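Nothing in this text is a laboratory measurement; each read-out follows from the coordinates by a stated rule. Please read all numbers here as calculations on a predicted model, not as lab measurements. We place every Cβ from the backbone using ideal geometry, glycine too, and count neighbours over all the protein chains shown.
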């Protein structure tokens, strides 16, 4: 979760699975997958990025939602659009006069 930033991945701290662990094929990332953080702190929730195969093999866990778009949809554009909506919503929720 900590590797996922808005529109990119931070690889300064990586976690590795034990060599003998098995990962389901459905949990292995593929180029163009759109990942979105769905849990943890408010600072982390809502961050998303498109996986561009920066590492040879990578997997994700249940704290991350993966969206697979149709091949004719540009995931980089899509994430930029979605993140802008999320940032706008966060901004609006922080306005005292708008809180319910």
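Overview of results
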| item | result |
| --- | --- |
| Residue that is farthest from residue 87 (Cα to Cα) [pool: residues in region 12-50 that are in a loop (DSSP other than H, G, I, E, B) and in contact with a strand residue (DSSP E or B) (Cβ under 6 Å, 6 or more places away or on another chain)] | 23 |
| Residue check for residue 73: over 12 Å from residue 2 (Cα atoms) and in contact (Cβ under 8 Å) with a residue 24 or more places away in the chain | no |
| Pairs with Cβ under 7 Å, 6+ apart, first in region 8-28 and under 15 Å from residue 53 (Cβ atoms), second surrounded by 10 or more Cβ atoms within 10 Å (Cβ to Cβ) | 8/49; 9/3; 9/49; 9/54; 11/3; 11/54; 28/59 |
